[in-house]
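Okay, so here's the structure we're looking at.
The values are calculated or read from the model by the stated rules, or taken from the named source; none is laboratory data. No experiment lies behind these values; they were computed from the predicted model shown. Because the Cβ atoms are built from the backbone with ideal geometry, glycine has one as well, and the counts that use them run over all protein chains shown.
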Ligand SMILES: [Fe+2]
Ligand SMILES: [Fe+2]
């Protein structure tokens, strides 16, 4: 059975790979394939955020009583990331390579810092305080 840290860190890697693929296709102006790859990247990333917001964060807050701490910061960063993803989608619709890559770079900086905080601080705290198999199962069931 996975720890929460392993389970969600794997998803970060998957999302990184999906984004790298979109970035490559946009760079090569392979628009049709890029749109399809972007859909996969967006869906996977939003599903990951949902697992955290609907299961992990409430479980952490319920168990520790810490509601105005790291989970609040993570929610705000998810909101910023969602905004950037929607701007990337708009740039893609317009086949605006420069805008897409520029917003994409901002997204990558934000998400790498976000993921590092989760992987190094929040997820290990979750593994320490929560029943990992139960929480992973709830996230899988979403
Ligand atoms: Fe997150
Ligand atoms: Fe995450």
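Quick notes on this structure:
- Of the residues contained in the range 26-38, none is found to be within 16 Å of ligand 1 (Cβ to nearest atom) and at pLDDT 95 or above.
- Counting only residues that are touching a residue at least 12 places away in the same chain (Cβ under 8 Å), closer than 21 Å to residue 65 by Cα and within 16 Å of ligand 1 (Cβ to nearest atom), the range 97-129 holds 10 of them.
- Restricting 22, 26 to residues that are away from ligand 2 (no atom under 14 Å from the Cβ), over 18 Å from the mean Cα position of the chain (by Cα) and buried (at least 20 other Cβ atoms within 10 Å of the Cβ) narrows the list to 26.
- Selection count where residues are more than 14 Å from ligand 2 (Cβ to nearest atom) and either under 16 Å from residue 117 (Cβ atoms) or surrounded by 14 or more Cβ atoms within 10 Å (Cβ to Cβ) (or both), scope the range 41-57: 2
- Of the residues making up the range 67-92, those that are touching a helix residue (DSSP H, G or I) at 6+ places or on another chain (Cβ under 7 Å) and over 22 Å from residue 42 (Cα atoms) are 67, 70.
- Only a single item in (1) crowded, with 18+ Cβ neighbours inside 10 Å; (2) within 16 Å of ligand 2 (Cβ to nearest atom) is not met by residue 116, and it is number (1).
- Test set (1) more than 11 Å from ligand 1 (Cβ to nearest atom); (2) closer than 21 Å to residue 142 by Cα; (3) in contact with a helix residue (DSSP H, G or I) (Cβ under 8 Å, 6 or more places away or on another chain); (4) assigned to a helix (DSSP H, G or I) - residue 23 fails condition number: (2)
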